[in-house]
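Here is the structure we will look at.
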Amino acid sequence: REIQQRKVETMRQINAMGGGGFSMEPENPALDEYVIRQCGKATPKVCFLAQASGESLEYTLNFYRAFSRLGCRPTHLSLFAAPPEDARGVLLAQDIIYVGGGNTKSMLALWEAWGLPSILREAYAQGIVLAGVSAGANCWFEQGVTDSIAPQPDVMACLGFLPGSFCPHYDGEATRRPAFHRLLAEGRIQPGYAADDGAAFHFIDGALHQVVASRPAARGWRLWKDEQGGVHEEEMQPVLLTQSATA
């Protein structure tokens, strides 16, 4: 049992959700429960990073409500009103770091100003589970498809913890799929993944472990361009999650 616990703590895990979790499916915590199980703790410490939403108070309160109900010890890290005395100490004390949705560009710019990328990379190396939805999913890849830099979705450089590119809300926003295809055809983005709302990609040690979903219709997708310039899209059947009886 001790060996199993040590293995859980040292695996590098990232969960990239296209949409869903407590912010989009408050009545269905299946995706959040899936993330919680990965740390192997009975009452895990979970820190919420809400910078992409401008640290929305309502969003943060909803996080506390949701993760308290799921048996966690929730906290959050603010970079706006109350600058942290020890951001590194706060983040490295967690079992899970959960990043909310919003504006990817603004979030990453703020993180850079406060030195969070290096802290998050340290947390990742130590086995702290990383998770996020929308902007909080884009951020872990080399590139993300985002609407945070222009009216229409475009590509932007992200943290690069995971190789390739990512696109959230693949079925939830009509402009996402054509934008990803266009960016691939133009050679402006690397091959990568897209997630429908309710779908999530789980990576272990930098490799895709599996795709999971909180809804029957949600899918994951793999996209690439061939040598002739054709864009290809492969549907990835997810594991359908069920929420716990106590949720």
Problem - Accessible surface, 1.4 Å probe, highest first, among residues V239, V212 - result: V239, V212
Exercise for the section: List the relative contact order of the chain as a percent without decimals, with contacts defined as Cα pairs under 8 Å and 6+ residues apart. Expected result: 22
Practice task
Would you calculate, for the chain, the mean residue ellipticity at 222 nm contributed by helices, counting each DSSP H stretch of 4 or more residues as -39,500 (n - 2.57) and dividing by all residues, to the nearest 500?
Solution key: -8000 deg cm²/dmol
Exercise for the section: Any chance you could look up the accessible area of E234 with a 1.4 Å probe, heavy atoms only, rounded to 10 Å²? Expected result: 80
Exercise for the section: Give me the accessible area of T175, 1.4 Å probe, in Å² rounded to the nearest 10. Expected result: 50
Completion exercise
Mean projected area (nm²) from the convex hull of Cα positions in region 138-218 is 5.2
Fill in the blank from the handout: Descending packing, highest mean Cβ count within 10 Å first, for 188-198, 78-88, 47-57 is 188-198, 47-57, 78-88
Exercise for the section: Return the aspartates and glutamates within reach of K45: Cα separation strictly under 16 angstrom, same-chain partners fewer than 8 residues apart disregarded; answer none if there are no such residues. Expected result: E9, D32, E33, D95
Completion exercise
The answer for region 127-247, accessible area per residue at 1.4 Å probe in Å², is 41
Exercise for the section: Run the accessible area of the chain with a 1.4 Å probe and give the carbon-and-sulfur part as a rounded percent. Expected result: 52
Problem - Residues of region 18-62: accessible area per residue with a 1.4 Å probe, Å² - result: 36
Fill in the blank from the handout: Highest mean packing first, using Cβ neighbours within 10 angstrom, the peptides 28-39, 219-230 sort as 28-39, 219-230
Exercise for the section: From largest accessible area down, sort E233, E186; use a 1.4 Å probe on the protein chains. Expected result: E186, E233
Problem - Cα-based equivalent ellipsoid of region 8-89: semi-axis lengths in Å, sorted from largest, via gyration tensor - result: 21, 17, 12
Exercise for the section: Above 14 angstrom, tally the Cα pairs of region 196-240 and express them as a % of all pairs, no decimals. Expected result: 53
Completion exercise
Hydrodynamic calc, the chain: Kirkwood Rh from Cα pairs, then Stokes-Einstein at 10 °C with viscosity 1.306 mPa s, so D in µm² s⁻¹ is 88
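The values are calculated or read from the model by the stated rules, or taken from the named source; none is laboratory data. No experiment lies behind these values; they were computed from the predicted model shown. So basically every Cβ, Gly included, is an ideal-geometry build from the backbone, and we count neighbours across all protein chains shown. Ligands, DNA and RNA are stripped out before the accessible areas are found, and what is left, the full protein with its side chains, is counted by its heavy atoms. Shrake-Rupley method; radii C 1.70, N 1.55, O 1.52, S 1.80 Å.
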